[in-house]
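What follows is a set of notes on a single structure, which appears directly below.
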Ligand SMILES: Nc1nc2c(c(=O)[nH]1)N[C@H]1C(S)=C(S)[C@@H](COP(=O)(O)OP(=O)(O)OC[C@H]3O[C@@H](n4cnc5c(=O)[nH]c(N)nc54)[C@H](O)[C@@H]3O)O[C@H]1N2
Ligand SMILES: Nc1nc2c(c(=O)[nH]1)N[C@H]1C(S)=C(S)[C@@H](COP(=O)(O)OP(=O)(O)OC[C@H]3O[C@@H](n4cnc5c(=O)[nH]c(N)nc54)[C@H](O)[C@@H]3O)O[C@H]1N2
Ligand code: SF4
Ligand SMILES: [Mo]
């Protein structure tokens, strides 16, 4: 008899609750859970393909260990023996900095990815940490760190209550949202318009999101910082800025802002943005006039040349219009596993560049170095060269600039471990591959995304299907990895969790702000429920959190616990040294002249931007038949006028060339992209030997990131410029 089980979808940031149909141990269907307190039945085609993804025959079932140059099936014991024999010895010989860690996107979609990488880094003692953030949202972490003292204090638009949403460089109808967790984002945008609100979308492509908007502006890519600066300038010069008493009282630098943004008039930025100045002024006036409004920018305003400035300006606008931290504006979520709120006051602050990368001297940001600089750190001889690499849920050969170079660099490592379900473009270089089980066999809690959700809520999914024989839970895979690199190979993996629990309890009972202050730590430890280490850690985090929830409480509410709409949290969450919002911090003030210089630059005649398809997810869903084909193809979108000018026709092949190399691509002529801009999706290029991706390799596509050489970065955040870089295009015979 088929049964059903609930599982939060781990495939994008929307975190929809799914009802899985299960026959034996096979997931035979997935539909939206109508009773889910947050997603209310919403599902997209990726969630609906959960069963096919879960059962993909190409998923690795057992570890692989390299012997005589070839990856072969191995037992877990052999895999960890190999790691324990290699990593501590190499690190002992060459030093802690000879180890590097790469954390990819799916870590934010697993419990293991939230709970263990910090322990792994601590065990290794290396500063060589590279994550997908420097291909993504690091500019936002940096701007939040500078403004609010906390790189994770990222305000999200109050989607369900706002009167006016200005959305830049995001296409949530296809991506389902990012740094703004909102199941059924499209439905929420339609509801905004239905209640009389206004949606303005800024995107060089007429996306499905732009088609829902009241107004769509299609600027030249890379110009968002200029556009946003001109909006702020207009608010200030037309005396429309009205932060309100509450924000004014806690904000430094309001007085200096007008001078800092002095040159960015709408007229001055109009040529660079390729937008009429009058249109920019109108937008600023509408933003100021709206009863409540939120400005929100994502990938297209982040992975660009002035990504940190654009991310900063988004919140400058939210502040100038008085919309930061108020219902209907942009608010800070409060997740159930956040520490208990602290009283307002000075904090430790946020510093950039506390150390730098060895080869090019890139400053660290949030403890990370640019992923675009990984290859040179492996290749360049000298003290501190990376010889050992641990890649967890990461496929940088496709997701980071210049995959060919990284591919060669990985091949030269002394030792590499991949924690990955697939043998793909990156993991094929590993000496040991540790495969996590399919998602139906894993428990789930959204440690990361609840902190960016448009409504406070908490939901827990136990594993829907028991762990298949011979498999290890991903949490145990990580815990054993921590032990193996620490020279504690063979110790029980629970010891890793019990240590964390003991340390956390010891701090909590000493902390006057903690709900456990003054209690007996051993007794509190015994009270924790949960069958596994990670469950017990989750229970403890919930108990220490702001709502005093427990794991048992979550289990008793399988569709989740609603914790209400977002509420104002200032000034309590500020952790700047001043204890205030620092509106014009030094690194920003120092970066503004570079933006000013951009006003005089002649724009390139053709630039490239990316795009996402609803049935894709970065580099790893091309192996699921239900999610491939149709319009989900790796084609180059070219505007008809550009196609005419360049002699290109729909369906023809073209050669595209940029800093990093050139590619042959099929052309799709479409006016959904503006003139002077072409668009190619990322995550393709599944044509390398030695992978096990039978579906993806049949329709490989090309790797757009081969067009980049890794030298274009947003300097403050080390984030790669993946959008708005110059390209040349020519027809192929
Ligand atoms: N040109 C261009 N490049 C881009 C982007 C772009 O817009 N344009 N976007 C960038 C962005 S935003 C991101 S986040 C990165 C993403 O790039 P990556 O961080 O490399 O992430 P993914 O491609 O999503 O998947 C990485 C790996 O995780 C594995 N995986 C899947 N599920 C699990 C799991 O449960 N556990 C483990 N351990 N592994 C798992 C997959 O098999 C895959 O090998 O790409 C970036 N690259
Ligand atoms: N279906 C699907 N969903 C996903 C993913 C996926 O690969 N597929 N990836 C997930 C991940 S890791 C992330 S980070 C999120 C990203 O979520 P989003 O930020 O919504 O990402 P995109 O859909 O790439 O939208 C970025 C938009 O920016 C536009 N753009 C490019 N350059 C510029 C510019 O200079 N200015 C402006 N204003 N716009 C510009 C592009 O045309 C594109 O429409 O999506 C997540 N969800
Ligand atoms: S929107 Fe995202 S979380 Fe929801 S079903 Fe689709 S992939 Fe899963
Ligand atoms: Mo991302």
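Below is a table of values for the structure above.
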| item | result |
| --- | --- |
| Single condition residue 404 does not satisfy, out of (1) over 18 Å from residue 688 (Cβ atoms); (2) surrounded by fewer than 23 Cβ atoms within 10 Å (Cβ to Cβ) | (1) |
| Filter result for residue 186 (assigned to a helix (DSSP H, G or I), in contact with a helix residue (DSSP H, G or I) (Cβ under 9 Å, 6 or more places away or on another chain), closer than 20 Å to residue 453 by Cα and in contact (Cβ under 8 Å) with a residue 12 or more places away in the chain) | yes |
| 1 or more residues surrounded by fewer than 18 Cβ atoms within 10 Å (Cβ to Cβ): qualifying helices (runs of 4 or more DSSP H) within the stretch 517-573 | 521-527, 551-556 |
| Set 326, 285: member being out of contact with any strand residue (DSSP E or B) (no Cβ under 7 Å at 6 or more places or on another chain), in a helix (DSSP H, G or I), in contact (Cβ under 8 Å) with a residue 24 or more places away in the chain and assigned by TED's automatic domain parsing to the domain that holds residue 171 | 285 |
| Top-ranked residue in the stretch 622-655 [being touching a helix residue (DSSP H, G or I) at 6+ places or on another chain (Cβ under 7 Å) and buried (at least 21 other Cβ atoms within 10 Å of the Cβ); ranked as nearest to residue 403 (Cα to Cα)] | 622 |
| Number of positions in the stretch 81-106 that are away from ligand 3 (no atom under 16 Å from the Cβ), under 30 Å from residue 539 (Cα atoms) and not in a loop (DSSP other than H, G, I, E, B) | 3 |
| Cβ-Cβ under 6 Å pairs, at least 6 apart or on other chains, the stretch 2-25 side free of Cβ contacts under 8 Å to residues at least 60 places away in the same chain, far side within 12 Å of ligand 2 (Cβ to nearest atom) | 9/47; 18/9; 18/47 |
| Search result, residues across the stretch 107-132 that are more than 8 Å from ligand 1 (Cβ to nearest atom) and in a helix (DSSP H, G or I) | 108, 111, 114, 115, 117, 118, 119, 120, 121, 122, 123, 124 |
| Residues of the stretch 41-57 classified as in contact (Cβ under 8 Å) with a residue 60 or more places away in the chain, touching a strand residue (DSSP E or B) at 6+ places or on another chain (Cβ under 8 Å) and away from ligand 1 (no atom under 16 Å from the Cβ), total | 2 |
| When residues of the stretch 58-73 are limited to those that are touching a residue at least 24 places away in the same chain (Cβ under 8 Å) and in contact with a strand residue (DSSP E or B) (Cβ under 9 Å, 6 or more places away or on another chain), the one surrounded by the fewest Cβ atoms within 10 Å (Cβ to Cβ) | 61 |
| Flag for residue 14 being in contact with a helix residue (DSSP H, G or I) (Cβ under 8 Å, 6 or more places away or on another chain), within 16 Å of ligand 4 (Cβ to nearest atom) and closer than 20 Å to residue 620 by Cβ | yes |
| Evaluation of residue 41 against (1) buried (at least 17 other Cβ atoms within 10 Å of the Cβ); (2) within 28 Å of the chain's Cα centre (by Cα); (3) not in a helix (DSSP H, G or I) (one fails), failing number | (1) |
| Tally of residues being away from ligand 1 (no atom under 16 Å from the Cβ) and not in a helix (DSSP H, G or I) across the stretch 210-244 | 16 |
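The values are calculated or read from the model by the stated rules, or taken from the named source; none is laboratory data. Only a predicted model underlies this, so the values are computations on that prediction, with no experimental measurement involved. We place every Cβ from the backbone using ideal geometry, glycine too, and count neighbours over all the protein chains shown.
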